[in-house]
């Protein structure tokens with residue numbers, strides 16, 4: 001369904017997902033966008049197809065497209081911009097906001113408008129998984145099982161996500177995976193988690209791949225082998241202190257080669273959104289195909 005766009009003569013369009021995050025926060029942000037209609041253009045989008053259509057219809061009108069929502073909204077907007085000279089920005093409203101946190105985007109419309117005015121950007125890589133693009137992280141295991149369950153949960157926000165993660169962890173069972181780089185078998189064993197990373201974190205500053213960089217032409221693979229669940233709290237500490245790869249139960253691989261993943265487990269996630277993948281997953285890196293708006297909080301990625 002097409003949504004009306006409040007236009008002005010600026011060069012950015014905000015695409016707001018009104019169902020992202022906590023309803024009170026989303027309501028406040030929506031009202032602020034309304035109040036700033038003389039400074040920005042924006043529309044509300046209820047579905048993925050709606051967002052895709054809106055961007056296609058307005059592609060030539062704007063230089064910057066702002067995904068106002070969670071990681072799923074960011075993924076949808078970015079997928080329409082890959083390979084073009086258009087710039088992606090984010091107003092984070094989701095539960096994890098992994099991509100936004102990596103690039104210094106904050107829930108501050110005034111600051112974002114200042115960044116848009118400068119219109120500086122950096123080119124980043126994108127990971128391709130079969131026919132799907134991944135900006136941040138993807139994988140199988142605890143995080144993907146949570147993503148599938150969270151998708152059916154009516155409540156949103158950080159606390160429901162934490163509760164669901166804990167519940168899923170207690171029920172977690174290992175699954176078998178075979179990983180090949182360039183045709184060579186690198187891993188063939190049972191795991192709790194397999195993460196394919198373009199950037200460092202899941203979201204909420206939980207760093208699963210502390211060395212990952214989104215413009216180095218490298219895919220980072222992090223695997224977590226089955227471990228005694230009594231050590232769960234230690235793993236949480238390691239995640240939030242960027243030391244997860246120091247555990248003896250964790251292995252970290254880097255490659256620029258094609259990766260093939262084979263597993264009977266079909267419940268993947270891509271950028272926090274649940275996906276079903278049957279059969280093998282073929283993974284490649286696409287170098288510097290997406291422009292991302294530079295922010296005042298942008299620190300670690302080179303231009």
### Task
Give me a count of the residues in segment 16-74 that are under 25 Å from residue 160 (Cβ atoms), part of a loop (DSSP other than H, G, I, E, B) and touching a strand residue (DSSP E or B) at 6+ places or on another chain (Cβ under 6 Å).
4
### Task
Go through (1) in the same structural domain as residue 271 (by TED's automatic domain parsing); (2) in contact with a strand residue (DSSP E or B) (Cβ under 9 Å, 6 or more places away or on another chain) and name the single condition residue 162 misses.
(2)
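Identify all residues within segment 219-237 that are in contact (Cβ under 8 Å) with a residue 60 or more places away in the chain and crowded, with 19+ Cβ neighbours inside 10 Å; write none if there are none. Before the answer, list the steps.
Initially, segment 219-237 is screened for residues in contact (Cβ under 8 Å) with a residue 60 or more places away in the chain, giving 219, 224, 229, 232.
219, 224 - these are the residues of segment 219-237 that are in contact (Cβ under 8 Å) with a residue 60 or more places away in the chain and crowded, with 19+ Cβ neighbours inside 10 Å.
Any residue that is buried (at least 18 other Cβ atoms within 10 Å of the Cβ), over 23 Å from residue 211 (Cβ atoms), more than 22 Å from the chain's Cα centre (by Cα) and modelled with pLDDT of 95 or more - is there at least one of those in segment 279-297?
Residues of segment 279-297 that are buried (at least 18 other Cβ atoms within 10 Å of the Cβ), as a first pass: 281, 283, 285, 290-295.
Filter once more, keeping what is over 23 Å from residue 211 (Cβ atoms): 291, 293.
Next cut, more than 22 Å from the chain's Cα centre (by Cα) only: none.
Within segment 279-297, not a single residue is buried (at least 18 other Cβ atoms within 10 Å of the Cβ), over 23 Å from residue 211 (Cβ atoms), more than 22 Å from the chain's Cα centre (by Cα) and modelled with pLDDT of 95 or more.
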### Message
Here is a list: 253, 202, 268. Which entry is in a strand (DSSP E or B), buried (at least 18 other Cβ atoms within 10 Å of the Cβ), assigned by TED's automatic domain parsing to the domain that holds residue 177 and at pLDDT 95 or above?
### Response
268
### Query
If you scan segment 16-28, which residues turn out to be more than 15 Å from residue 96 (Cβ to Cβ) and crowded, with 21+ Cβ neighbours inside 10 Å?
16
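Let me confirm something: among 208, 124, which residue is more than 21 Å from residue 238 (Cα to Cα), crowded, with 19+ Cβ neighbours inside 10 Å and not assigned by TED's automatic domain parsing to the domain that holds residue 23?
The match here is 124.
The values are calculated or read from the model by the stated rules, or taken from the named source; none is laboratory data. Remember, it's a predicted structure, so these values are computed and weren't measured experimentally. All Cβ positions, glycine included, derive from the backbone under ideal geometry; neighbour counts span all protein chains shown.
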